[in-house]
Every structure is written in C-alpha cells, then in structure tokens.
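What follows is calculated from the coordinates using simple rules that are stated; it is not laboratory data. Values in this document were obtained by computation on a predicted structure and should not be read as measured data. All Cβ positions, glycine included, derive from the backbone under ideal geometry; neighbour counts span all protein chains shown.
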Amino acid sequence: MQYYKLILGAEERKHVMKKFSAYILGLLILVLVTFNVKSSLITTLSNIDPAPMYNSAYPYMYLYAKEKEFLKNKTECWSNEYISLSASPFWQRSTRGKNINRQLCENGDLTGHWNMIATLPYNQSPPPAFPNNNTNVGSDIPMGVTPSDQPLKTLMSVRQNLFDCISTISGHLPDQVKTVTGLISLQTPQQLFGFFSVPIKYNKRGVRFSSNIMLWGGFGIAMQTGVADISQVGRFIDLTTTPTQCLPKGCLGGTTNPCPTTTNPSVYCQNPFSDMNQLTDAAWQDVVHCTHLQLMNQLQAIADASHLDLCNFNKTSVEDFHIELFWRKALRVDDGDFCTSPFLFIPFFSIGGDIGIAAKKNQNLAFSVPFGNNGHNDVRFNAGFTFDFDETIEVGGHCGVTHFFDKRFKEYRMPVNEFQNGFYPYTTDVCVSPGNTWHIGILMNAYHFLGCLSFYCEYLYVSHSEDKFCIANSDPAFKPGNLECKSPWMVQLLNNGFYYDVSGNFSLGFSMQIPLDRRNAYKSTTYMLSMEMVY
C-alpha cells in the first residue's frame, strides 16, 4: 500500500492564499444570498423534497477529480482544485403519493381522508330533537373558547342544522345517528361517510447555487442554497356522495371507470344498519343526504370561521442555507497480486448544519407547504467510502443522520379528538421537536466513461422518525399524539446524473431524482440542469 500526500510549502501556500483571498471573501458574501457542487448528501425535514439535489455532477467528488486521476497513474501531473461554483435550474412535480400504509393515494390524503364529522363539537348540549343524547366523552373544546367564539359558533350551528335535518326523517332512528360520536362510529376504514378526498398537484421550480472551498489536508467547506417557487393546486371530493368507482385506483380500491350519470350517488355509502333491520335503505339515504347538504356543503363556511384559506397555494422564497466541513483522502491499494488490479480507497466524512431561513408553512393556508425544514435549524453528519478502480468504475456507500432543533410556533393547528384528520379548526401554541432523519446510500460513478462524459447513479433510503409536540398551556382538549403518530415517513430514491467536461474548468450536466418507493410522502420527481466552474 502506498500513500500519496500533497504538502504545500510555506511560500507556495502563502501565494495560493493571497491569490484566492479575494475570491474567498467574495464567495462568503455571495453565499449569504445564493449558493455545493460535489458535496455530501443533505437530508431534510420535508417528505416532499427529502434529499434535494444541488448539482448534476457526482456529489462525492470533493474537488478531487484531477488528483484522483493522477493517483491512478492516468496523468503525469495535475493542477489543484480550490474553488467550485455552480448554478442549477430545476423542476420538481408530484400528483400522487403513498399513505402511511404505503398505498397509492392523493397527495392530500397521505394521513387519511379529511374527516368533517370529527370537526363537529360533541361535548356541548345536544339539539332538543334528541333529548336523551349523552355526548360527554371528554373535552373537545379548548380552554377559553366560548359558544359565541368562532369557529365554535359556526360548528355548533352546522351541527344543529345537521341533526335538525336528520330528525325530520320518518321512521325509527337508531341512537347512532343522533350524536356526533354516533355518526363517527358509523365511519368505516374505507373512509367514505363524512370524508373528503383532496387531490393536490404539486410543482416546484427554481435555481440552486452551490460552492466548495478547499482548505488544507483534505478538508474543505461546502455551501448551498437556492430560490424556488412552489404551487399546489387542490380540490375537494365529497366521498359521502361520490361513487367509489369514480375515484382513482389505490386508496379506496376503486377503478378508473367513468362515473355513472343516472345512479343515485348516496347508495355508495352503504347502509350500516341493513343487517340489523334498524334503519331502512331509504332512511339511510336520507341521513347521507342530510350529511352531504348540511355538513359537507358547509366546508367553505367552516373554513372561513376557522380562518383557514382553501385557495390554491403559490409562493416564492429562498431555500434553507446549508454549510458543512468535509474531509476526504485517497489511499492507493496495490499489493502486487496478479489477480488484483490497483485501486483507490477513499474514505470521507462531513459534518455541517442548516439554517432555516426558508419560508415556513402557513397554518392558515390549507395547501401551504414549507420551502425547507419549516424554520428548524439542524446539524448533520455523513460518512462513507468509495473504491475507485483504475480501469473501470467507482463504487461505494455512505450513511448519516440529521438532527433538528426544537422550535416554538404560535397558533399551530392541532386536533382536539383522535378522529380529526386534515381539517383542524382550533390552534394553539406548541413546541415542535422533530425526529431525526436517517439515510443510507449506495453509489456508482463512471468518470469519463465516454470521452469527457461522466455518469453517476445513487440509491438512497431516507427515513424520518416521529416528531414530538408539546402544548404550551397543557390544554387537555388538544391531542398532539394524533399528529405525532402520523409524522414518520420514508422514501427510497434513485439519483442519476450525466455531466460533460467542456473544458478543464467548466462542465454541463443533467440529472434526475426518481422516486422508487415511499411511505407517508409525495411521489416527487426532480429534473435538473447544471453549470459548474472549478478553479
């Protein structure tokens, strides 16, 4: 085994530092408003863009391509690489995702369909039409909220109208249709009665900037950021009165057949009392009709009272700022065995952090999403190694973890019962402690496999653990556990990149991030072009 190490003399180092001091100073100012090419993996808090790409080049080159070729005896000399700069336009899109059960579904249904019956208060006095209604099953109204406050006033009015409508239905009515908790008990795992499905089309486009600066002894600094525009266009499908065969195949097990035009839609919420002879099919259809008319059709009124904007989302923002310290060193392995070709063993590691300067999720916009870690700062660590064979390819692997710091939020939307999902009428102050994001990667790089054209491929497994929510005033009405159990997610990705060295200091590239599998996450595909300069 032979070891090759670059040692700069004092005069040469002084000359280099003097020559590039102006560039370094300018770059440090530049990265405050823009920004790695060839840096290690970044994992985020977002289940939409969990491992953002910043360049189309091989991300573990670490300003090392020319020196590696020298160590592989492919060049007689090399010029050191000290600084790299890149700009990379990108586009990301998603129309579907997979829910917490890894079933294909709409992006708005990752944690389940939106439950409107569960938004109704069940701990206030019941309507007079049902005097024997016992609804005292625990507090579901936050402290300090009175019947005259919005949104409780609107929700109680909607509830009253719903039960007034049901009370006019002829025949004997079972107790389950006389209370909110009774209606909830009629909901099945299929999530049709009293639910909305929320298809969302997601698009993100922008430009990402990156920079590497070599220091000494294999150590360097990498920085990244970007500017992006995100749009989300959503709509609401009332599953209470929508035939299941009209819905996309996946979550509901339906088909893609055209919707019938002459069938009464209410029959698709099957009568749960048909086997018990407690309620006729005609009476059940009347219950469904009342629910559709007096509750589901009141979505806009309930949202207005809850100060929740249901309009489509569109916003432009900078992305989070990433900075890290990395180290890499190539060790040449050549034991003289005729069965073994010489190769380079290259260990590397990086430690860094992210500053959450990107726009956060707006709790009062139904389709709002964060542009990064939702304001959370973090620290991250990544370590791995590669084997770079003289005449073939470079292969390797890596793993790491990102730890996010706590952050307090005011007026954070929080469920008040275990059945609420999607729509949360009430807000409170919380402290959010995100779980860690772990990743494992396997990679392959073919440097200059065809002239000056290079290609790399990387498989990534990224997993985010459960978040924790602490209610500021310990209000027993709020149920943070409902959000905590829905917060973990997982994605498997395939990164592919082609990059062409136009000259020794300039390259162009194209890359794609292809989703392979996921749980509780968008199926996001990313396309990127990049331009890179190396000095």
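Worth pointing out:
- Dipole orientation for the stretch 440-535: of the candidates 449, 490, 504, 490 has the Cα lying most toward the positive pole (charges on Cβ; Lys, Arg +1; Asp, Glu -1).
- Charge dipole of the stretch 333-400 about the Cα centre (unit charges at C-beta), most positive-ward option of 372, 333, 400: 372
- For the stretch 356-401 and the stretch 87-123, distance of Cα centres in Å: 22
- Ranked list, fewest to most other Cβ atoms within 10 Å of each Cβ, for 292, 403, 322, 398: 403, 292, 398, 322
- The separation of the stretch 498-513 from the stretch 274-329, counted between C-alpha centres, amounts to 43 Å.
- 25 Å tail of the calculated P(r), the stretch 324-430, as % of Cα pairs: 52
- Exceeding the 22 Å Cα-Cα cut-off - candidates 153/178; 201/407; 201/410; 361/523: 201/407; 201/410
- Computed from backbone phi with θ = phi - 60° and the Karplus coefficients 6.51, -1.76 and 1.60, the 3J(HN,Hα) list for the stretch 496-509 is 10, x, 10, 9, 10, 7, 5, 8, x, 10, 9, 9, 10, x Hz; x is used for glycine and proline.
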